[in-house]
Every structure is written in C-alpha cells, then in structure tokens.
Amino acid sequence: MVNGKVVVSQLNLAYRGRPALRDITLVFPEKAITAIIGPSGCGKSTLLRTINRMNDLIPGVEIRGQVLLDGEDVYGGTILLEELRRRVGMVFQRPNPFPLSVFDNVAYGPRVHGIRDRTLLADIVERCLRAVGLWDNLRDRLRRPALELPLGQQQQLCLARVLAVEPEVILLDEPCSALDPISTLRIEQLMQELKERYTIIIVTHNMQQAARASDLTAFILDGELVEWAPTEILFTSPRDPRTEAYITGRRLPVPH
Amino acid sequence: MKGWEWLIRRVLVVMAFSSLSLLALIALFIFAGGVPILAEVGVEQFLLGTRWAPTRGHYGILPMIAGSLWVTGGALVLGVPIALACAIYLSEIASEPVGRLIKPALELLAGIPSVVYGFLGLVILVPLIRVLLGGPGFSVLAASCVLAVMILPTVTSVSYDALRAVPATYREGSLALGATRWQTIRMSVLPAARSGILAGIILGMGRAIGETMAVIMVAGNATLIPVSPLDPVRTLTSNIALELGYAAGKHREALFATGVVLFLIIMGLNLVAEAVAGRGRSR
Ligand SMILES: Nc1ncnc2c1ncn2[C@@H]1O[C@H](COP(=O)(O)OP(=O)(O)OP(=O)(O)O)[C@@H](O)[C@H]1O
Ligand SMILES: [Mg+2]
C-alpha cells in the first residue's frame, strides 16, 4: 500500500489554531478513483487542497505531517510549487473558466508553462477538448467567450484546461454540485475514461455518485478519517457504525 | 401620512431634475455664447486655424487643441503606469495594514487643491526642467508631470476597485494550473478587470483635460503648437481662464466657442467611459 501515487501521512491542519484535519493517513493508488465523502464542514476540501498546496494561500494555516507525491514530500521544499500544481490539477466546485475565449482557456496552462508555438497550442487544445468530449461541439466556436457556454460545458472545459498541462493527479472538489443530472453523468463518464491515465480524487456530497463512480472511498468526520475501503465494501458492509449511519442517511449520534 | 409621502416625492423629483436642467442651462449658455462666432468664422477655420490673435481678428484654436492633447497624452503616459502599478500592488500584493495606509493617502492626494500642485510644479519642476533639459522650463513636460500626479488617485482607485471585483475563483483557477502570482495577474486578473481599468483611465483623462489652474501655472501658455515636450503650451481651459477676464465682443464669443469645443470633448469622453464600463458589467 506504500506504492500509492499520493500518500497522506499523519496529516494535521489547523486554521488559525482551529484544527480542521486530525492525524489523517490515507493512500491514493495510481490510476484509480478515490472518493472522499463526509458531512459539510468535515474537512474534505481542506484535505484535497493540501495535496496541491492551495491552502498555502490562506493566512494562518498550520500544517504538520506529510503529503507524498511519488514518494516525495510536497511540503519538503524539493518540489517547486508551480511544478507541483502542474502535476496535480484541480477542478473546482463552481465551474470557473477564465473570462477568455474557449481556446485561451485551454491554452492558458501550457502558456503559463512556457509553450508559445501556435500550432503546438492548437494541437493541445484540440486533444484536450476531444478528451472531454467538447471538440465536436466547440470546434467552430473556439474564439467565443467561455462564459457563454452552459454550466455543464464550462465544467468540462475546466477539466480540459487541467488536462492541457498533462497532470498526473486530478483533484475534483464537488465538480458536479452546480450541474444538472445529464451534465453530471457526462462528467462521471469522463472520469472513467480518464482513470486509465490519471490518478483521480473526488470530493462529493452525493453518495450515489461515490458508489457509482469510484474505486475507493474514504469517509471523513470532523477532520478525522473514519473509514477507508474499496467502494463496494464501504457501501455494503461498513465496519464503523458512524459510516453506516452516514451512508444510510441516519442521524449521527451527537457527541458530547 | 399620504400627503407627506406625496410632498417628499415631489421635492425629490424637483431636486433631481434641477441638476439635470442646470446641466442643460449651462450647455445652452455656452452654446448661445459661442455659436455666433463659429458661424461667422466657420467651424473649420476655428478648429484648424493656427493663429490665435482675437483682438486682430484671428480665431484659430488649433494650438490649444494640440496643447490639450499633448498635455493630456503626456499625463496619461506618465501617470497611468504608476497608477496601475499602485492599484495592482494594493489589490494583489499588499498586506491588509499596508493597504489601509496607502488608500487614505491616495484619497488625501485627491483632496489637495490644484493650485497647490501648480505651485509645487512652479517652484520645483519648472526650474528643474530648465536646468536639466533646457528650454524655458514652462512646458508640456511640466504640465504633464503635474497632471500625472493629479490623476493618480482617480485612476488608481477606480482600477483598484475593478481589480478587487475580479472573482477570487479566477485567481484560484490560475494558481491551481501552476501559474505564478505575476502570471496570474497578467493573464487572468488584468484581462478580467480591463473594462473597469479603462473606465478609470478615461475618467483620469477627463480630469486632465479639464484641469486649469495647475496647468496655467507651469505650462507657459504660449499660443503655439508645441513640437517638443520642452515647448511651452496653452490648453483649451487655460485659454478661457486667462482671457475671459478682459475679453469683450467677438473675443468673448470666441472664448465661449472654445468652451463649446471643450464641452463636446468631455461629453464624448464620458460617453465612451460609460460604454466601456457598461460593456464590462454586462458580461
Ligand atoms: N479559509 C478558512 N479559514 C478558516 N477556516 C476554514 C477555512 N476553510 C475552511 N475552514 C474550516 O475548516 C473546516 C473544514 O472545511 P472544509 O471546507 O474543508 O469542509 P468541507 O468538508 O469541504 O465542507 P463542504 O462539504 O461544506 O464543502 C470547517 O470547519 C471550516 O469552517
Ligand atoms: Mg468543500
């Protein structure tokens, strides 16, 4: 189990002294989809954002423990921040394409990383839009503003934008919560296709989505990892009563 | 109660319309004063004539139009980069306390009367230019420098607001792709704030064109078309302010006509600013 693509080890995180993650140890295997579930405010987004160090932006964050990417600690100072974020892409809860054209959105990442050649950029844009199934739809509208697209397509575009920098890991923070059911299914299909090549970690509030779309599931409660197992097992025979209560939608026992 | 509501509403309507009708009255007054001479001399002669000697029948204001353009252009070239740098620093880089210090300083800068800027320009800038760069010192350059400082607060604070209005999700999206902070500013924050920044620049431009006192004090006010930044220059507003005190008859009408030209330029600028800002909002 040490051969995970991403390994989180004894991770503690506090916002201005208020703990949000407690002693989390978790392995994300390569080329698999891991779902992170748990009630609102339990620390799912926080955990996800420690992997590409997006929490660094928030003042007053304290992090102890390790996050290993291919065995290398991302907080160890050996991986350049920009390089880490290129290797670990992120799709956000609300689609957030830049107020630029479709083309420029996808080309944004490659440009940031120094690719200037126009034909090369055009190739990348086509490949990534194909990968997310937008190419046939948008090939004639590459110059149109991305914000004109329907939300579902905006989210697909955001995924294409991440693929364009050739990441190894893709983090998705409730990527479907702003989308309609059809767009949601589309994104789930895409995840299945992408898992052939990428390590995917998805935070979701939607239990069916986790059950449908993931290989492994981690259940977090109040900043602690309660249970982590192959998805089938976690949903059919959870070991912890708190997990069972959560996935069956029963009220959690209130701690005193 | 009903009666009160009705009265208050009426009073507000009257007050709201009084400012509008005041604007209309001013326009009417200026146009009425200026149009006869425009008809007599001919619009083209008036706008493109290079000789201004109103007591001897020459009413060409091209030197002043050129002067206003030179001085305003210079102010923008000098002032806008500094204002933008300032706005970007305040919104994207500065920590809270630094921002809290600089913002009021800028507002203070905006509140200093223009004659003070003119005075400082006169005693410091003009001699400096004369000694270092040659020429009379009273020049396009001196006026542009003074105006650059004067438009700084306007352009900075409007641009700052435009930058602050850029959703944090754009910055996050960019950083998450591995962009550096500067790349994020250049490639996603600035384009997103573009229309607001442009509106700020146009507002600054309007302020620069309209400013009179400080410019008169440092520009030299010669009625010649300047060919170098070191030449003295007279702007449209200076022309009116300098001569209206003693002008009579057609001379006076010609100054009103200068006002007409100024009025139209500034109206035009405001419309452009509205259009630019509006396009940003509708997006
Ligand atoms: N920027 C921040 N500053 C301070 N506290 C924060 C910050 N972000 C999150 N928190 C706190 O950390 C805890 C975990 O938040 P987090 O956003 O990770 O939860 P979540 O599981 O993603 O919730 P949700 O399902 O609502 O998205 C919460 O108690 C939250 O209040
Ligand atoms: Mg969250």
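Since every read-out is calculated from the coordinates, none of them should be taken as a lab result. All values reported here derive from a predicted model rather than from experimental measurement. A quick note on method: Cβ atoms are made from the backbone with ideal geometry, for glycine too, and the neighbour counts reach across all protein chains shown.
Observations, loosely collected:
- Qualifying residue in region B:181-191 (condition: over 21 Å from the mean Cα position of the chain (by Cα) and either within 30 Å of B:Leu132 (Cβ to Cβ) or of a type in the set (D, E, K, R) (or both)): yes
- Residue tally, condition within 14 Å of chain B (Cβ to nearest Cβ) and without any contact (Cβ under 8 Å) to a residue 60 or more places away in the chain, over region A:149-168: 5
- Residue list for region B:217-249, restricted to those being of a type in the set (A, V, I, L, M), closer than 14 Å to B:Ala66 by Cβ and not in a loop (DSSP other than H, G, I, E, B): B:Ala219, B:Val233, B:Leu236
- Of all residues in region B:194-216, exactly one satisfies the criterion of being surrounded by 24 or more Cβ atoms within 10 Å (Cβ to Cβ) and in a loop (DSSP other than H, G, I, E, B), namely B:Glu211.
- Qualifying residue in region A:91-100 (condition: away from ligand 2 (no atom under 16 Å from the Cβ) and of a type in the set (Val, Ile, Thr)): no
- One residue from A:Pro19, A:Pro39 being within 12 Å of ligand 1 (Cβ to nearest atom) and part of a loop (DSSP other than H, G, I, E, B): A:Pro39
- Selection from region B:217-235 of residues that are crowded, with 22+ Cβ neighbours inside 10 Å and aliphatic (A, V, I, L, M): B:Met217, B:Val218, B:Ala219, B:Val233
- When B:Ala53, B:Ala94, B:Ala27, B:Ala110 are screened for being farther than 25 Å from B:Leu242 by Cα and among the aliphatic types (A, V, I, L, M), only B:Ala94 passes.
Results for (1) farther than 20 Å from A:Thr46 by Cβ; (2) surrounded by fewer than 15 Cβ atoms within 10 Å (Cβ to Cβ); (3) under 19 Å from the mean Cα position of the chain (by Cα), shown as yes or no for each residue.
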site	(1), (2), (3)
A:Gln192	yes, yes, yes
A:Glu196	yes, yes, yes
A:Val203	no, no, yes
A:Gly223	no, no, yes
A:Gly249	yes, yes, no
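- Residues that are over 17 Å from A:Trp228 (Cα atoms) and either crowded, with 21+ Cβ neighbours inside 10 Å or within 8 Å of ligand 2 (Cβ to nearest atom) (or both) within region A:47-58 comprise A:Arg49, A:Thr50, A:Ile51, A:Asn52, A:Met54, listed in sequence order.
- Of the set (1) more than 16 Å from ligand 1 (Cβ to nearest atom); (2) assigned to a strand (DSSP E or B); (3) away from chain B (no Cβ under 12 Å), all apply to A:Gly89 but (3).
- Among (1) surrounded by 11 or more Cβ atoms within 10 Å (Cβ to Cβ); (2) part of a helix (DSSP H, G or I), the one test that B:Thr50 misses: (2)
- Filter result (in contact with a strand residue (DSSP E or B) (Cβ under 7 Å, 6 or more places away or on another chain), part of a loop (DSSP other than H, G, I, E, B) and not charged (D, E, K, R)) within region A:1-16: A:Met1, A:Gly4
- Of the numbered criteria (1) within 16 Å of ligand 2 (Cβ to nearest atom); (2) buried (at least 18 other Cβ atoms within 10 Å of the Cβ), the one A:Gln153 fails is (1).
So that you can scan it fast, the table gives a plain yes or no per residue for (1) within 16 Å of ligand 2 (Cβ to nearest atom); (2) in contact with a Leu (Cβ under 8 Å, 6 or more places away or on another chain):
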site	(1), (2)
A:Cys176	yes, no
A:Ile187	no, yes
A:Arg197	no, no
A:Ala210	yes, no
A:Asp215	no, no
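- For A:Asn55, the stated conditions do not hold, so it cannot be described as within 30 Å of A:Glu148 (Cβ to Cβ), touching a residue at least 12 places away in the same chain (Cβ under 8 Å), within 16 Å of ligand 1 (Cβ to nearest atom) and out of contact with any His (no Cβ under 7 Å at 6 or more places or on another chain).
- Output for region A:22-48, where each listed residue is touching a Ser or Thr at 6+ places or on another chain (Cβ under 9 Å) and over 18 Å from A:Ile202 (Cβ atoms): A:Thr25
- Test result for A:Gly77, surrounded by 21 or more Cβ atoms within 10 Å (Cβ to Cβ) and among the small types (Gly, Ala, Ser): no
- Qualifying residue in region A:138-148 (condition: closer than 22 Å to A:Val102 by Cα, away from chain B (no Cβ under 14 Å), not in a loop (DSSP other than H, G, I, E, B) and not basic (Lys, Arg)): yes
- A:Leu69 touching a strand residue (DSSP E or B) at 6+ places or on another chain (Cβ under 7 Å) and within 16 Å of ligand 1 (Cβ to nearest atom): no
- Matching entry among A:Gly114, A:Gly76, A:Gly41 (being within 16 Å of ligand 2 (Cβ to nearest atom), more than 10 Å from every other protein chain (Cβ to nearest Cβ), out of contact with any strand residue (DSSP E or B) (no Cβ under 6 Å at 6 or more places or on another chain) and without any contact (Cβ under 8 Å) to a residue 12 or more places away in the chain): A:Gly41
- Taking region A:182-230 as the range and being in contact with a helix residue (DSSP H, G or I) (Cβ under 6 Å, 6 or more places away or on another chain), among the polar types (S, T, N, Q) and more than 16 Å from ligand 1 (Cβ to nearest atom) as the test, the residues that pass are A:Ser183, A:Ser214.
- Exactly one residue out of A:Leu129, A:Leu190, A:Leu185, A:Leu171 is within 14 Å of chain B (Cβ to nearest Cβ) and not charged (D, E, K, R): that is A:Leu171.
- Some residue of region B:137-146 being more than 19 Å from B:Gly67 (Cβ to Cβ) and either within 14 Å of chain A (Cβ to nearest Cβ) or touching a Leu at 6+ places or on another chain (Cβ under 6 Å) (or both): no
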